[in-house]
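See structure below.
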Amino acid sequence: MSKMPAEKLFQTYMDLISKRESEEIYRLNEPVGEGIMRHSHIARGIELVYSELESYNPNYQAEKKEVDGLEIMYIVDGHGEFELENRQFASGEKGDVMIFNCKTAVKKAMLGKSGMNCISIILFTEDAISFLNDFLGTKEFSVSTFFKDIRKSDCAITFPCGELLEKLFLETIRLPAPYSKYTAKLAVIHALLLLIQKFRDKDSIDIRTKSDTPDAYFSGSIGRKVQNVRRIINSNLENEISIEDLAVKVNLNRTTLQKVFKEMYGLTINEYRTKARLQLAKNLLASTELSITEIASRSGYANASKFSQVFKKHEGMLPKDWRK
């Protein structure tokens, strides 16, 4: 079941550039978009795709509706806005995981100016369940429980990746080395088990639309406003925009904004801003010769002393030592 859709999705709409033992590289052709996709077969019902996209027009989505499956996408770099056929919207940025099921066909995709790099695990439900049961020597996985709420949802689901899950995704695109194809397969399986556990723990939560009650994993109208707050923060790390001003910018009550932001991202607004600023600072420390004072300013800190104090608290050492 899984081989036919995978071939249909790739070979019909893309040009095969090269083919090796465990990997195929495709170039997108018009009108699908611009970019490349590296495709690896992981196991029965489980495919892995690494994409570097400059533009993307998802006109082959109708093919995905032919199967019961999921696409689990980790955004390595860039961001994307997705309009679904049912007029729902979903968006994701660097560090996010997005999950699309076969019912949430994408009508339009809008990528950032620099495009988007992402890693996708594509699952064909019945075959993936059969493989996991055989591989793990169990009968625990079944169609009735396998990502059951997500497979029924009429919207894409977005959430921050988390450190362990991110490491597993990135393990799949390491440079070739002895046994790397096996470690990539194990990383995919481990990532799937983490995600299955994550959403099984959420069994008591309805991930579909609720009136006036946005779910942590559902991008409803309030959820989209909160995602917009995060984009505003990321675009203005050098500025100190108050929570009150952020609430006004997206037309949300301050209390609602704080509550939903924490539910969606697991951090308060100020905690998230600090984390984003420190990530920017580390990027500048590693890739530029800018002074600590200049990096502090670009990262939103009034002076180098305050910046160094916060950096040491979170990273365990001073910026100058981290740079070394």
query: Just how much of Ser22 is accessible, in Å², when a 1.4 Å probe is used and the result is rounded to the nearest 10?
result: 60 Å²
message: Could you tell me the center-to-center distance, by alpha carbons, between region 73-146 and region 250-309 in angstrom?
response: 28 Å
query: Taking the Cα centre of region 255-317 as the origin and placing charges on Cβ (Lys, Arg +1; Asp, Glu -1), which of Ser291, Ala281, Phe307 is farthest toward the positive end of the dipole?
result: Phe307
query: How much accessible surface area, in Å² rounded to 10, belongs to the heavy atoms of Met110 with a 1.4 Å probe?
result: 70 Å²
- prompt: If you look at just the Cα atoms of region 65-108, how large are its Rg and its Dmax in Å?
  reply: 10.7, 30
message: Report, in listed order, any pair from Lys181/Lys282; Lys139/Lys259; Lys103/Lys282; Lys108/Lys148; Lys94/Lys249; Lys152/Lys198 with a Cα-Cα distance greater than 28 Å.
response: Lys181/Lys282; Lys139/Lys259; Lys103/Lys282
- prompt: For region 148-191, what is the accessible area per residue in Å², given a 1.4 Å probe and the full set of protein chains?
  reply: 54 Å²
Region 218-320, accessible surface, carbon-and-sulfur percent (1.4 angstrom probe): 48 percent
Prolate/oblate/rounded label for region 91-207 (Cα gyration tensor, a/c 1.5): oblate
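The values are calculated or read from the model by the stated rules, or taken from the named source; none is laboratory data. Just so it is clear, the structure is predicted and the values come from calculations on it, not from any experiment. Please note: Cβ atoms are built from the backbone with ideal geometry, for glycine as well, and neighbour counts cover all protein chains shown. In case anyone asks, the SASA skips ligands and DNA or RNA and just uses the protein heavy atoms, side chains included. Shrake-Rupley method; radii C 1.70, N 1.55, O 1.52, S 1.80 Å.
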